[in-house]
Amino acid sequence: MADIILSIKPRYAEKILAGEKRFEFRKQIPKQDISWVYIYASSPEKKIVGRFRIKKEIKGSPEEIWEKCGSLGGIEKDRFFLYCNGNSRVHGLEVTNIKRFDPPIDPYEKNRNFRPPQNFSYI
């Protein structure tokens with residue numbers, strides 16, 4: 001099993017940490033099993049703010065994913081479909097075992113060459 005880091009907009013990262021966003025939506029996911037997902041809150045925060053486990057993955061068309069878990073996704077319907085941008089398959093990752101880091105981790109202090117992932121990266 002591997003750990004990954006995801007770039008997530010700060011407002012959605014906070015919703016995950018607060019337990020309001022129960023599904024994280026992705027167009028691509030790793031092929032191997034994941035142990036922990038680390039949350040990198042993107043600009044302007046630019047910190048690793050917490051982590052979670054994936055309880056289950058649901059995949060399907062954007063319409064199917066919205067129907068199954070959109071109400072628990074912490075995102076407005078129009079923004080969800082804008083994010084999907086015509087992709088035929090989307091993944092809904094059910095979030096569990098959430099841990100907030102206090103204080104958040106500054107990845108640039110740990111690694112001066114840190115580059116936030118476009119989608120995900122293994123760590």
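The values are calculated or read from the model by the stated rules, or taken from the named source; none is laboratory data. Since we're looking at a predicted model, the values are computed, not measured. Cβ atoms come from the backbone with ideal geometry, glycine included; neighbour counts cover every protein chain shown.
I'd like to check something: does the range 36-43 contain any residue that is touching a helix residue (DSSP H, G or I) at 6+ places or on another chain (Cβ under 9 Å) and more than 14 Å from ILE5 (Cβ to Cβ)?
Yes, the range 36-43 contains a residue that is touching a helix residue (DSSP H, G or I) at 6+ places or on another chain (Cβ under 9 Å) and more than 14 Å from ILE5 (Cβ to Cβ).
Looking at (1) of a type in the set (Lys, Arg); (2) more than 18 Å from ASN119 (Cα to Cα); (3) not in a strand (DSSP E or B), which is the only condition LYS99 fails?
(3)
On the given criteria, is SER61 hydroxyl-bearing (Ser, Thr, Tyr) and under 22 Å from SER121 (Cβ atoms)? Even if it seems obvious, please write down each step before you answer.
Working: hydroxyl-bearing (Ser, Thr, Tyr): yes; under 22 Å from SER121 (Cβ atoms): no.
No, not satisfied.
Just to verify a result, which residue in the range 70-90, among those that are of a type outside the set (A, V, I, L, M, F, W, C) and buried (at least 16 other Cβ atoms within 10 Å of the Cβ), is farthest from GLN118 (Cα to Cα)?
Step one: filter the range 70-90 for residues of a type outside the set (A, V, I, L, M, F, W, C), giving 70-71, 73-74, 76-79, 83, 85-89.
Of the ones still in play, those that are also buried (at least 16 other Cβ atoms within 10 Å of the Cβ) are 70, 73-74.
Numbers: GLY70: 23, GLY73: 20, GLY74: 21 Å.
Only one residue tops the list, namely GLY70.
If I filter the range 1-29 down to residues being free of Cβ contacts under 8 Å to residues at least 60 places away in the same chain and part of a loop (DSSP other than H, G, I, E, B), which single residue comes out as nearest to the chain's Cα centre (by Cα)?
As a first pass, look at the range 1-29 and keep what is free of Cβ contacts under 8 Å to residues at least 60 places away in the same chain: 1, 8-11, 13-15, 18, 20.
Checking which are part of a loop (DSSP other than H, G, I, E, B) leaves us with 1, 9, 18, 20.
On the way: MET1: 18, LYS9: 9, ALA18: 14, GLU20: 13 Å.
So the residue we want is LYS9.
GLU67 - would you say it is surrounded by fewer than 18 Cβ atoms within 10 Å (Cβ to Cβ), outside any strand (DSSP E or B), free of Cβ contacts under 8 Å to residues at least 60 places away in the same chain and among the acidic types (Asp, Glu)? Even if it seems obvious, please write down each step before you answer.
Numbers: surrounded by fewer than 18 Cβ atoms within 10 Å (Cβ to Cβ): yes; outside any strand (DSSP E or B): yes; free of Cβ contacts under 8 Å to residues at least 60 places away in the same chain: yes; among the acidic types (Asp, Glu): yes.
Judged against the criteria, GLU67 is a match.
Could you please let me know if CYS84 is in contact with a helix residue (DSSP H, G or I) (Cβ under 9 Å, 6 or more places away or on another chain) and touching a residue at least 40 places away in the same chain (Cβ under 8 Å)? Even if it seems obvious, please write down each step before you answer.
Numbers: in contact with a helix residue (DSSP H, G or I) (Cβ under 9 Å, 6 or more places away or on another chain): yes; touching a residue at least 40 places away in the same chain (Cβ under 8 Å): yes.
Considered against the rule, which asks whether it is in contact with a helix residue (DSSP H, G or I) (Cβ under 9 Å, 6 or more places away or on another chain) and touching a residue at least 40 places away in the same chain (Cβ under 8 Å), CYS84 comes out as yes.
Give me a count of the residues in the range 20-46 that are farther than 23 Å from ASP106 by Cα, surrounded by fewer than 17 Cβ atoms within 10 Å (Cβ to Cβ) and not charged (D, E, K, R).
Of the residues in the range 20-46, 3 are farther than 23 Å from ASP106 by Cα, surrounded by fewer than 17 Cβ atoms within 10 Å (Cβ to Cβ) and not charged (D, E, K, R).
If you scan the range 37-53, which residues turn out to be over 13 Å from ASN119 (Cβ atoms), of a type in the set (A, V, I, L, M, F, W, C) and either at pLDDT below 95 or within 11 Å of the chain's Cα centre (by Cα) (or both)? Explain how you work it out, then say what you get.
At the first step, the residues of the range 37-53 found to be over 13 Å from ASN119 (Cβ atoms) are 38-39, 41, 43-53.
Filter once more, keeping what is of a type in the set (A, V, I, L, M, F, W, C): 39, 41, 48-49, 52.
Within the range 37-53, ILE39, ALA41, PHE52 qualify.
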